[in-house]
Amino acid sequence: MTDDRVVGASEDSGPLHWSASTPVPAPLRLYRATVQPDWVDYNRHMSEWCYLLAFGDNADAFFRYIGIDERYRAAGHSLYTVETHLHHRREASEGDSLSMTLRVLDHDDKRVHIFHEMFLGDSDLLLASAEQLLVHVDTRAGRSASMPPNLAGHLEAIREAHAALAVPEVIGRPMRITRAYGRPG
Amino acid sequence: MGERPVAFSTYRTMVRKEWLDYNGHMHDASYGVALSEANEELFATLGLSADYRASTGASFYTVECHIRYLAECSLGQRLSATTIMVAADAKRVRLYTELLHEDGRPAATGDSLYLHVDTTLGTTTAMPSDRQVRVQGMLSAHAGLQRPAHLGLGVGAARPGSTDT
């Protein structure tokens with residue numbers, strides 16, 4: 001049964017697909033969502049895990065854009081998340097509209113480094129960001145595998161288009177304590 | 001007393017059906033759920049959980065969370081967690097959590113920074129002094145625990161060149 005698995009709010013909406021004749025948007029805007037009643041906590045604020053859910057759906061829209069869909073996965077390869085670094089900036093409430101951006105920072109033979117931002121509706125109010133490292137995996141062998149040339153080509157075209165964007169200050173930044181943690185008193 | 005320091009490790013769970021994605025593997029977000037449930041148990045032992053929230057209107061908000069996904073999890077597998085309090089002051093707590101398979105293999109690690117917030121004012125605020133004492137007690141108790149080498153490194157920094165798992 002699949003009725004109570006983790007499902008994104010816009011899984012049915014028509015995804016965008018890669019087109020060599022269309023310029024790559026910088027950043028990509030592939031996914032929007034509305035904060036669902038079951039996404040909020042006792043405060044009616046969006047629960048922490050739902051940010052991961054929304055960023056996951058944004059990544060999924062990106063996968064479809066570059067050609068990683070059910071058919072690609074059924075053939076034995078996929079992109080797995082290796083690391084996610086979330087920054088929470090502002091709260092979102094039930095019914096809020098969320099718009100997501102995504103940019104490709106870098107990629108190599110097997111890995112992709114991406115950055116998501118989540119904004120409130122069409123405003124420039126940043127709610128959260130997520131930096132992610134993904135690895136291309138041979139799902140049957142259970143190990144990382146080189147990407148096919150067409151996929152690597154799409155990623156390179158996207159990386160080039162996104163290279164013009166300013167690099168966000170949180171990229172690659174370790175979690176840190178901005179001043180020494182003293183003891184009380 | 002010469003007691004050996006031990007990490008906080010009460011959390012036990014089993015991979016639930018609603019945690020799975022379309023591949024039958026645990027969804028990225030579900031690792032976050034398990035890590036935060038484990039940390040919630042730690043906050044509860046310090047008297048900083050739901051009752052505290054209800055009586056004071058203050059709560060811990062996550063400002064940053066860095067998850068490393070290390071192993072797949074599937075339906076029914078048993079997981080446990082160990083948490084080290086890495087740093088804390090009057091308003092902040094930083095926790096490092098390992099989510100573990102039954103055989104001890106780590107499934108994920110989480111490095112989380114929490115801010116103590118007055119939810120009615122929407123501003124950070126210091127914990128009451130009795131809670132600060134409890135927090136500092138745990139921080140001292142955990143001071144002798146070994147910190148993993150990757151703690152506090154940025155995304156990608158801990159795995160140069162190799163992503164084979």
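The values are calculated or read from the model by the stated rules, or taken from the named source; none is laboratory data. This is a predicted model, so every value here is computed, not measured. Note: ideal-geometry Cβ built from the backbone for every residue, glycine included; neighbour counts use all protein chains shown.
Only one of the listed residues (A:Thr101, A:Thr139) is closer than 22 Å to A:Ile66 by Cα, of a type in the set (Val, Ile, Thr), touching a strand residue (DSSP E or B) at 6+ places or on another chain (Cβ under 7 Å) and at the interface with chain B (Cβ under 10 Å from one of its Cβ atoms). That residue is A:Thr139. The condition of being buried (at least 21 other Cβ atoms within 10 Å of the Cβ), without any contact (Cβ under 8 Å) to a residue 60 or more places away in the chain and of a type in the set (A, V, I, L, M) holds for only one of A:Val112, A:Val137, that being A:Val112. All but one of (1) under 19 Å from the mean Cα position of the chain (by Cα); (2) on the phi > 0 side of the Ramachandran plot hold for A:His162, so report the exception by its number. Failed condition: (2). Before we move on, is A:Tyr72 under 26 Å from B:Gly156 (Cα atoms) and aromatic (Phe, Trp, Tyr)? The answer is yes for A:Tyr72. Just give me the residues in segment A:140-168 being surrounded by fewer than 17 Cβ atoms within 10 Å (Cβ to Cβ) and in contact with a Pro (Cβ under 7 Å, 6 or more places away or on another chain), in sequence order. A:Leu165 - this is the single residue of segment A:140-168 that is surrounded by fewer than 17 Cβ atoms within 10 Å (Cβ to Cβ) and in contact with a Pro (Cβ under 7 Å, 6 or more places away or on another chain). Every listed requirement among (1) under 15 Å from the mean Cα position of the chain (by Cα); (2) crowded, with 16+ Cβ neighbours inside 10 Å is met by A:Tyr72 save one, (1).
Going through segment B:54-72 one residue at a time, which ones are within 12 Å of chain A (Cβ to nearest Cβ), closer than 26 Å to B:Leu121 by Cα and of a type in the set (Val, Ile, Thr)? Can you show your working first?
Pass one, segment B:54-72, residues within 12 Å of chain A (Cβ to nearest Cβ): B:54, B:57, B:59-72.
Retained after the next criterion (residues that are closer than 26 Å to B:Leu121 by Cα): B:54, B:57, B:59-65.
Passing the criteria: B:Thr62, B:Val63.
Collect the residues in segment B:2-23 that are modelled with pLDDT under 85 and either crowded, with 20+ Cβ neighbours inside 10 Å or on the phi > 0 side of the Ramachandran plot (or both), keeping them in residue-number order. If the condition is that a residue be modelled with pLDDT under 85 and either crowded, with 20+ Cβ neighbours inside 10 Å or on the phi > 0 side of the Ramachandran plot (or both), then B:Gly2 is the only one that fits. Reported count of residues in segment A:19-45, each being within 14 Å of chain B (Cβ to nearest Cβ) and touching a residue at least 60 places away in the same chain (Cβ under 8 Å), is 1.
For segment A:27-44, filtered to residues that are in contact with a strand residue (DSSP E or B) (Cβ under 7 Å, 6 or more places away or on another chain) and assigned to a loop (DSSP other than H, G, I, E, B), the residue that is nearest to A:Val104 (Cα to Cα) is A:Pro27. Tell me which residues, restricted to segment B:56-95, are under 19 Å from B:Ala141 (Cα atoms), of a type in the set (A, V, I, L, M, F, W, C) and not in a strand (DSSP E or B). Within segment B:56-95, just B:Ala90 meets the criteria. When segment B:100-147 is filtered for residues that are over 21 Å from B:Ala87 (Cβ atoms), part of a loop (DSSP other than H, G, I, E, B), more than 9 Å from chain A (Cβ to nearest Cβ) and of a type outside the set (Lys, Arg), the ones remaining, listed by number, are B:Glu102, B:Asp103, B:Gly104, B:Thr120, B:Leu121.
Report yes if some residue within segment B:47-54 is under 15 Å from the mean Cα position of the chain (by Cα) and in contact (Cβ under 8 Å) with a residue 12 or more places away in the chain; otherwise report no. Quick ask: steps written out before the conclusion?
Step one: of segment B:47-54, the residues under 15 Å from the mean Cα position of the chain (by Cα) are B:48-49.
Subsequent filtering for residues that are in contact (Cβ under 8 Å) with a residue 12 or more places away in the chain retains B:48.
The answer is yes, given that some residue of segment B:47-54 is under 15 Å from the mean Cα position of the chain (by Cα) and in contact (Cβ under 8 Å) with a residue 12 or more places away in the chain.
In this structure, is A:Glu131 closer than 30 Å to B:Ala58 by Cβ, touching a helix residue (DSSP H, G or I) at 6+ places or on another chain (Cβ under 7 Å) and of a type in the set (Asp, Glu)?
Values: closer than 30 Å to B:Ala58 by Cβ: yes; touching a helix residue (DSSP H, G or I) at 6+ places or on another chain (Cβ under 7 Å): no; of a type in the set (Asp, Glu): yes.
Answer is no for this residue.
The residues of segment B:24-53 that are away from chain A (no Cβ under 14 Å) and surrounded by fewer than 16 Cβ atoms within 10 Å (Cβ to Cβ), listed by number, are B:Ala44, B:Thr45, B:Gly47. When residues in segment A:140-175 are screened for being in a strand (DSSP E or B) and touching a residue at least 24 places away in the same chain (Cβ under 8 Å), 1 of them pass. Only one of the numbered conditions (1) under 24 Å from B:Ser9 (Cβ atoms); (2) modelled with pLDDT under 95; (3) surrounded by 14 or more Cβ atoms within 10 Å (Cβ to Cβ); (4) more than 7 Å from chain A (Cβ to nearest Cβ) is violated by B:Arg159, and that is (1).
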